[in-house]
Amino acid sequence: MLNIRPRQKIVQADWKGYMAQRAQQAKNPALQQFFGASLPDPETPISEVPMVALDMETTGLDERRHAIVSIGLVPFTLNRIKLAERRYWVVNPSRPLAEASITYHHITHSEIAQAPDLDVILDELLAQLAGRLVVVHFRNIERPFLNAAVKARRGEGVLFPMIDTMSLEARMHRQTLWARFRRWLGRPPVSIRMHASRERYGLPPYQGHHALVDALATAELLQAQIATHYRPETPLKDIWC
């Protein structure tokens, strides 16, 4: 079994082997189906990979103390964004919302009071993710929060490969010789946040901190990143984590 922690960096992990093993070991039927779905081979060209952009809004940044309040999904490929298949849920975090949290994502007490627990929509969420490569902007939110939430409700966690558009921006703007030279000159690092990243590719500004809008923004950003810095033939193993 792949021995990883949600926040741990994974390099060239055997994701196919891990998913197959979890399919055999999972006790929950929805998780069995999720892990049993076919995962693209690591050598598959990115142009042939079905993907889904995922974004979550949370009550904070620590999955041990905070919770998910909304989830947005947008299925896509390099050539097409499937807005008709989008999904958006507001879920009850089962804990009070801080005023700072409400200011950040604009989800109010009255909205979550009427919202279901994540467990109610979890089977549909997993079904939408199954068989697709999940794309996020900063996996250290989506990966640990979803893992913790599923483990709390189904008794077993859920980890899977992702493409992280923030990580791709970091490769190009924070891990190059030019980036090191900028630091040597005392200049601030190039921003790899969503708005700044999209701006570099000429993508339009969107209102942030809405899970569905941010999922769409993530899908468009990956399309622009691949078109600018990679090739359609780039193998999946070069960009997933």
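The values are calculated or read from the model by the stated rules, or taken from the named source; none is laboratory data. These numbers were taken from a predicted model, which means no experiment stands behind them. Cβ atoms come from the backbone with ideal geometry, glycine included; neighbour counts cover every protein chain shown. Surface areas here come from the heavy atoms of the whole protein model, side chains and all, with no ligands, DNA or RNA. Shrake-Rupley method; radii C 1.70, N 1.55, O 1.52, S 1.80 Å.
The table below gives the values:
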read-out	value
Residues being open to solvent by 80 Å² or more (accessible area, probe 1.4 Å) and at pLDDT below 75 - total across the range 1-35	7
Members of the range 172-196 that are surrounded by fewer than 17 Cβ atoms within 10 Å (Cβ to Cβ), at pLDDT 70 or above and not in a loop (DSSP other than H, G, I, E, B)	HIS195, ALA196
Where a residue in the range 105-123 is in a helix (DSSP H, G or I) and its partner, wherever it lies, is open to solvent by 20 Å² or more (accessible area, probe 1.4 Å), with Cβ under 7 Å and at least six apart	HIS105/HIS209; GLU111/VAL90; ILE112/VAL90; ILE112/ASN92; LEU118/ARG153; ASP119/ARG153; ILE121/TRP89; LEU122/ARG153
Hits in the range 106-123 - residues which are touching a helix residue (DSSP H, G or I) at 6+ places or on another chain (Cβ under 9 Å) and either open to solvent by 10 Å² or more (accessible area, probe 1.4 Å) or modelled with pLDDT of 90 or more (or both)	THR108, HIS109, ASP117, LEU118, ASP119, LEU122, ASP123
Selected residue (criterion: nearest to ARG171 (Cα to Cα)) from residues of the range 197-213 that are in a helix (DSSP H, G or I) and open to solvent by 20 Å² or more (accessible area, probe 1.4 Å)	ARG200
Condition check for ARG139: closer than 17 Å to LEU222 by Cβ and at pLDDT 95 or above	yes
Filter result (under 20 Å from HIS66 (Cβ atoms), open to solvent by 20 Å² or more (accessible area, probe 1.4 Å) and in a helix (DSSP H, G or I)) within the range 132-171	ARG139, ASN140, ILE141, ASN147, ALA148, LYS151, ALA152, ARG153, ARG154, MET166
Test: residue in the range 42-59 that is modelled with pLDDT of 95 or more, open to solvent by less than 50 Å² (accessible area, probe 1.4 Å), of a type in the set (A, V, I, L, M) and assigned to a helix (DSSP H, G or I)	yes
Top-ranked residue in the range 86-104 [being in contact with a Leu (Cβ under 7 Å, 6 or more places away or on another chain) and outside any loop (DSSP other than H, G, I, E, B); ranked as surrounded by the most Cβ atoms within 10 Å (Cβ to Cβ)]	ARG87
Residues located in the range 214-231, provided they are of a type in the set (A, V, I, L, M, F, W, C) and open to solvent by 40 Å² or more (accessible area, probe 1.4 Å)	ALA227
